[in-house]
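The values are calculated or read from the model by the stated rules, or taken from the named source; none is laboratory data. Quantities reported herein were computed from a predicted structural model and do not represent experimental measurements. Positions of Cβ are backbone-derived with ideal geometry, glycine not excepted, and every protein chain shown enters the neighbour counts. Heads up: the accessible areas ignore ligands, DNA and RNA and are worked out on the full protein's heavy atoms, side chains in. Shrake-Rupley method; radii C 1.70, N 1.55, O 1.52, S 1.80 Å.
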Amino acid sequence: MRMSEMHMKTLREVPNEAEIASHILLLRSGMMKKLVSGVYGFMPLGWRTIRKIEDIIRQEMDATGAQEIHCSALQPAELWEESGRWSKYGPELMRLKDRNGRDFCLGPTHEEIFTDIIRNDITSYRQLPQNLYQIQTKYRDEARPRFGLMRSREFIMKDNYSFDRDEAGLDVSYKKMYDAYSKIFTRCGLTFRPVEADTGAIGGSNSHEFTALSEVGESEIAYCDNCDMAATTERAEFRDAPEVNEEMLPMEEVNTPGTKTIEEVASFLNLPKDRTIKALMFVKYNDEMTEQTGYVAAFIRGDRELNMIKLVNALGIPEHAIEFADEEKMGPATGIVGGFTGPVGLHDCTIVVDSELVGQKNMCAGANKKDYHLKNVNYGRDYKGDIVKDIKLLREGDPCPVCGQPTKVARGIEVGQVFKLGTKYSEPMGAYYKDENQQDRLIVMGCYGIGVTRTMAAVVEQHHDENGIIWPMSVAPYHVIVTLVSAADEQQKAVAEDIYGRLQAAGVEVLLDDRDERPGVKFKDADLLGIPVRITVGRGVANGVVEYKLRREADKTEKTPDEAVNDAIALVNAERRG
Ligand code: ATP
Ligand code: MG
């Protein structure tokens, strides 16, 4: 491609709203453009990278025997009502009505649609297993669209769904997808970790997230260097502190004026934080969020953090159906007193107690009375939980839930997720097949997603420097850029054209920067665009040399045009597949 003819506009300035490298660089390189918050379009170079990521996905999906189809983004509400998700999915679902008032949504995911296809098409065990995938635009009305492609409201996803006769079949399908995902992300040039994950709104029994390691990622993962434990911190189990062997002392009310936080009360009473109980108050709603269904008081040890995912799972409600309570309102209804809330004597709310508190003795908790706390509070004797479960967040240094060694915590970008769904959709939607004995059996499903556009952003996060993107060869929009320093110089022009033609003939994807621009602009753009190999044709041609530089390396070398062409071809062929 001749850059003089290409649609491209790079920006020198950092766009205001962009905070992280991928967002800044994808906008500055002109690869994508923002339309409105969380909605982006892709220009020629950006679109080429997206198509390369898609091609890698297609190759690896096809290699597993999965078949590509394409479903509509527009989905009728009826199918979502059958699965029960029309109400459960919450405000993230982009809902709309047609001219006759019929409800639709723009698909955030496609379990219902694929289950519908399969229940209509599959009758016999002979037709199973099946695995269908698509690469498609998804819609989610995210509460906080941000970081460009990381969390957008319209994005491209590869999603696929496996259909098996039984759990053993699902295990095989799941393993194939897990392995394919590892190949895909490796080929895209990502450093990643597969970790155990919560199953969230999609539901099901077993799941892994593929997390590209990055400080700007929104996922937090816990892992252990001593064993192979690796899980999102949302999901990671917690090893409760050992039971305390102490006599229960008589409960005692103490005046603690103005001590509203755990830090304040612990220092006022000269207690370690792990001898206190922290209270967190919530109000919960029905799935549609149209009415309140009650208050929740959650209690954990004072030195711990609450894990919201574990809390909503313990309550059996979707993540969107809970928020922090207005303590002024909750007080009269339940007996809590803001800043002085404890588990003793509460009423008319669901009390959720972290499992660890059961074995702790003589704890300090709020007295539900302004400026007072209670000392020597003991589970069983003084209070009970309606629900007792692990609801705490695993932090760096906490004992690994598997082996007990100190846990490590890292941040990452969730680029893909695989789920074992089991019969979560086939049951409500009636997706059956007939087995060898003509008995009706439920189809056992798995579902698997990759965020294509988020993967593009993750690649940029892991591969950039202060001057721009450094694309891995496998997903670079072009492999080589030939920078013609002076388009007016006939000799330079002839050499550049020759290199351009020979690389193209060898199947290398080449940009020829033949624009009428200053050399500085051309070099800056080449760095910003991140094309892996740059061959600069400048004054050196008078002495028979061009400059050869890899974007990922600082050094430049002089080579003859022949050497430069041959080296570029060899490098591209070695790396293009990823
Ligand atoms: P998250 O927890 O980040 O909101 P999710 O778990 O809801 O994501 P899935 O339903 O598992 O997402 O979707 C499959 C993949 O689609 C994710 O692994 C991610 O790569 C991508 N994805 C999900 N939401 C977005 C979004 N808002 N913008 C871009 N990509 C997304
Ligand atoms: Mg996910």
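At-a-glance table
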quantity: Cβ-Cβ FRET estimate between K434 and V244, R0 fixed at 45 Å, reported to 0.05; calculated: 0.20
quantity: Amide H contacts of S162 (H built 1.01 Å from N, under 5 Å, at least 5 apart or other chain); calculated: G446, C447
quantity: Net charge dipole size for segment 256-306 [Lys, Arg +1 and Asp, Glu -1 on Cβ; Debye, nearest 20]; calculated: 300
quantity: DSSP-assigned coil residues among GluC sites (Glu not before Pro) in segment 382-465, each with at most 16 further Cβ atoms within 10 Å; calculated: E396, E436
quantity: Angle in degrees between helix 111-121 and the longest Cα principal axis of the chain, rounded to the nearest 10; calculated: 80
quantity: Amide H partners (placed H, <5 Å) of G302, local residues excluded; calculated: T276, I277, K278
quantity: Set of segment 320-355 residues, backbone N closer than 17 Å to the point 7 Å along the Cα-Cβ line of S87; calculated: 320-322
quantity: Per-selection Rg to Rh, segment 252-389 - Cα, Kirkwood hydrodynamic radius; calculated: 0.96
quantity: Across the chain: Cys residues that no other cysteine approaches within a C-beta distance under 4.7 Å; calculated: C71, C105, C188, C349, C364, C447
quantity: Mean Cβ neighbour count within 10 Å, used as a protection proxy, ranking 298-310, 88-100, 5-17 highest first; calculated: 298-310, 88-100, 5-17
quantity: Residue among M3, T49, Q67 farthest towards the positive dipole end of segment 1-110, charges placed on Cβ; calculated: M3
quantity: J(HN,Hα) series, segment 499-510, from Karplus relation 6.51 cos²θ - 1.76 cosθ + 1.60, nearest Hz, glycine and proline x; calculated: 4, 4, x, 5, 5, 4, 4, 8, x, 7, 8, 10
quantity: R0 of 51 Å, Cβ-Cβ distance R441-Q491: FRET efficiency to nearest 0.05; calculated: 0.10
quantity: Surface share of carbon and sulfur [accessible, 1.4 angstrom probe, percent] for segment 220-283; calculated: 46
quantity: If the convex hull is drawn through the Cα atoms of segment 478-575, its volume per residue in Å³; calculated: 84
quantity: Karplus (6.51, -1.76, 1.60) ³J(HN,Hα), θ = phi - 60°, over segment 98-104, in Hz, Gly and Pro reported as x; calculated: 7, 5, 9, x, 7, 7, 9
quantity: Dipole magnitude (debye, nearest 20) for segment 478-575, charges at Cβ of Lys, Arg, Asp, Glu; calculated: 220
quantity: Candidates per GluC sites (Glu not before Pro) in segment 206-257, loop by DSSP, up to 12 other Cβ within 10 Å; calculated: E215, E243, E246, E247
quantity: Net lengthening on full extension, E5/D141 (0.36 nm per residue, minus Cα-Cα); calculated: 45.2 nm
quantity: Ellipticity estimate at 222 nm from DSSP helix runs (n ≥ 4, -39,500 (n - 2.57)) divided over the chain, nearest 500; calculated: -8000 deg cm²/dmol
quantity: Estimated FRET transfer efficiency when R0 is 22 angstrom, pair E237-H347 (beta carbons, to 0.05); calculated: 0.10
quantity: Per residue accessible area of segment 252-389, 1.4 Å probe, in Å²; calculated: 43
quantity: Degrees, to the nearest 10: 452-462 long Cα axis against longest axis of the chain; calculated: 80
quantity: In range of the label at A506: residues from segment 480-500 whose backbone nitrogen is under 17 Å from the point 7 Å along Cα→Cβ; calculated: 480-483, 495-500
quantity: Charge-dipole axis of segment 252-389 as Lys and Arg at +1 and Asp and Glu at -1 on Cβ define it, positive-most pick from P272, I300, M289; calculated: P272
quantity: Inter-label distance for R395 and N286, nm, one decimal - labels placed 7 Å from Cα along Cα-to-Cβ; calculated: 3.9
quantity: Helix 561-575 axis, angle to the chain major axis (alpha carbon atoms, nearest 10°); calculated: 30
quantity: Kirkwood hydrodynamic radius of the chain, from inverse mean 1/r over distinct Cα pairs, in Å; calculated: 27.3
quantity: Which of M456, Q491, S426, positive extreme of dipole for segment 421-505 (C-beta unit charges); calculated: S426
quantity: For segment 361-375, 3J(HN,Hα) per residue [Karplus equation, 6.51 cos²θ - 1.76 cosθ + 1.60, θ = phi - 60°, Hz, x = Gly/Pro]; calculated: 10, 6, 8, 9, 9, x, 9, 6, 8, 4, 6, 10, 10, 10, 9
quantity: Eligible lysines near K278 by straight Cα distance, threshold 29 Å, same-chain separation 8 or greater; calculated: K260, K310, K329, K361, K369, K370, K375, K384, K389, K392, K408
quantity: Amide proton proximity set for F192, modelled H, under 5 Å, gap of 5+; calculated: L213
quantity: With all protein chains modelled, accessible area of R454 [1.4 Å, Å²]; calculated: 50
quantity: Environment charge of I351, counting only residues whose C-beta is closer than 10 Å and scoring Lys/Arg +1, Asp/Glu -1; calculated: 0
